[in-house]
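The values are calculated or read from the model by the stated rules, or taken from the named source; none is laboratory data. Small disclaimer: the values here were computed from a predicted structure and weren't measured. Cβ placement follows ideal geometry from the backbone for every residue including glycine, while neighbour counts extend to all protein chains displayed. We work out accessible area using only protein heavy atoms, side chains counted, and drop any ligands, DNA or RNA first. Shrake-Rupley method; radii C 1.70, N 1.55, O 1.52, S 1.80 Å.
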Amino acid sequence: HDFMITFIEPNQGSGTLLNMLNRLPPADGRLRRVAVYSPDADEGELAINIFTFGSEHDVIPGPEDGAGILAYAEELLKAGEGDEKLLSREALLDYFKLCEPQYLQTS
């Protein structure tokens, strides 16, 4: 079951979201989603951020879930851009294991 923690407070400018992340209580499950409703510039306006936690996902994402990411990383490496240690297929597949399939499919 998913559960949500919502912060509603005055925007403190740069660092508001990080401050909220640092104040999250320990949670059972992984952070699955963050809905960010923070004003861009005006301090004092309300910032509303919703953190959704849930249990471990049943499906471990695979290369097909991150096909777009793998293709882009390959393009970067062929162009001589990026770090091979971070953008290699093996490194990305290891990273994918930490992600939700939907995140990889829409990134």
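Give me the one-decimal Kirkwood hydrodynamic radius in Å for the chain, with the sum taken over alpha-carbon pairs.
Working: mean 1/r = 0.0621 Å⁻¹.
Its Kirkwood hydrodynamic radius stands at 16.1 Å.
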| query | Each label point is 7 Å from the Cα along the Cα-to-Cβ direction; what then is the distance between the points at Ala67 and Ser14, in nm? | reply | 4.1
| Gain in span if fully extended, Glu81 to Gln105, counting 0.36 nm per residue against the direct Cα distance | 6.3 nm
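Quick one: length gained pulling Leu31 to Ile50 fully straight, 0.36 nm per residue minus the C-alpha distance?
Values: separation 19, 0.36 × 19 = 6.84 nm, distance 1.07 nm.
Extending this stretch completely gives an extra 5.8 nm.
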| message | Quick check: pseudo-label points 7 Å beyond the Cα along Cα→Cβ at Ser88 and Ser38, how many nm apart are they? | response | 3.5
| Which value, in Å² and to the nearest 10, is the accessible area of Ile60 when all protein chains are kept and the probe is 1.4 Å? | 120
